[in-house]
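The values are calculated or read from the model by the stated rules, or taken from the named source; none is laboratory data. The structure displayed is predicted, hence computed values, not measured ones. Using ideal geometry, Cβ is built from the backbone for each residue, glycine included, and neighbour counts are taken over all protein chains shown. For the accessible areas, the whole protein counts, side chains as well, though only heavy atoms, and no ligand, DNA or RNA atoms are used. Shrake-Rupley method; radii C 1.70, N 1.55, O 1.52, S 1.80 Å.
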Amino acid sequence: MGDPGTLSLIEALPKAELHMHVEGSLEPEHMAELARRNGVSLAFGSVEEIRAAYNFGNLQDFLDLYYQGMSVLLTARDFEDLAMAYFKRCADQNVVYTEIFFDPQGHTDRGLSLEPVMAGLTGAIARARAELDVEVGLIPNFLRHLDEDSALRTYDEMVRYSDQILGFGLDSSELGHPPSKFARVFARAKADGFKLVAHAGEEGPPEYVWDSLDVLGVDRIDHGNRSLEDPALVKRLVADDMALTVCPLSNLRLCGVDAMENHPLRAMLDAGLTVTLNSDDPAYFGGYLMENFTAIDQALEVSRDEMVAIARNGFAASFLSDKAKAERLAAFDATL
Ligand code: HPA
Ligand code: ZN
């Protein structure tokens, strides 16, 4: 348990979130409402049944439900409502900047075009700025369980929206799908000037983190927990000041850790790694950004200064322009 007052300080500080899948912010009540509105049948009879199914043994258990859940999203209005609900949570928790992930192939593979997806998300992003003073960046992720040709086709479709996206990421089933499988599409994105991220070391081995750095050339690592198994990799991540977007409640719910007390965050800090905290899929894992700070504060010996540094890293490791980043960091320091 941290110092008393740490959490109220974190709450009061302006915060950034860098790892949140917008489809993973679909709350069960909203899922049931959209199923009704769109005439989509779900495998569940009630909101309670949906919630009761959120009992995962690993990443794939979760993903199976997550892809089912997103099947209720059909129209631009659905995507706008989904994103607005999350942006309101951001405003409530003083999250003033968020870089959100979405899965284009999760929608095109079930017959949707990208048009309603992008219209809904960009509409919500404009409203978040105007109505909530929340600034949002957009990062489409490639589904790594699909082949690279599918990712390349998705890339070609997404570049039409290049002025509305920050970069590209890689998510979904990690084991058996190394980052190197996506070397060509990431090389194209890099050549075109996009920022790059990849989920690595969530369930996969340290080699997938090495691959993300050396083959894909990413700017941040999503999760990265298993990096700690390889001292040379830790040294490299520290030397590069490579930020990890750590998601404690996600790790607990997907059984990457058996108890929050055993979360690797303490070891990451001791190793000098640049760590940020994030909610990943907040509707599925039991909480938004503040709930993740709270879980860490309750379970681990993390000092007030360390918690503040973690929150500050959210801006420092963001893809904001240098000018906007300096302004956000100055506002953060002034609030302190
Ligand atoms: N890991 C991998 N893929 C995902 C996740 C995750 O935590 N959430 C949504 N897609
Ligand atoms: Zn994730």
Legend entry - Single condition Asp64 does not satisfy, out of (1) of a type in the set (Asp, Glu); (2) within 30 Å of Val308 (Cβ to Cβ); (3) within 16 Å of ligand 2 (Cβ to nearest atom): (2)
Inset, instruction - Go through (1) away from ligand 1 (no atom under 16 Å from the Cβ); (2) at negative phi one by one and return the number of the condition Leu249 breaks. - result: (1)
Inset, instruction - Could you please give the count of residues in segment 86-119 that are in a loop (DSSP other than H, G, I, E, B) and within 16 Å of ligand 1 (Cβ to nearest atom)? - result: 3
Legend entry - Enumerated helices (runs of 4 or more DSSP H) restricted to segment 226-303, each holding at least 2 residues that are farther than 22 Å from Val96 by Cα and open to solvent by 10 Å² or more (accessible area, probe 1.4 Å): 231-239, 248-253, 265-270, 289-299
Inset, instruction - For segment 47-74, name all the residues that are more than 14 Å from ligand 1 (Cβ to nearest atom), polar (S, T, N, Q) and open to solvent by 40 Å² or more (accessible area, probe 1.4 Å). - result: Asn55
Inset, instruction - Looking only at segment 202-215, decide whether some residue is in contact (Cβ under 8 Å) with a residue 24 or more places away in the chain, assigned to a strand (DSSP E or B) and touching a Lys or Arg at 6+ places or on another chain (Cβ under 7 Å). - result: no
Inset, instruction - Quick one: which residue in Ser180, Ser150, Ser173 is open to solvent by 10 Å² or more (accessible area, probe 1.4 Å), hydroxyl-bearing (Ser, Thr, Tyr) and not in a helix (DSSP H, G or I)? - result: Ser173
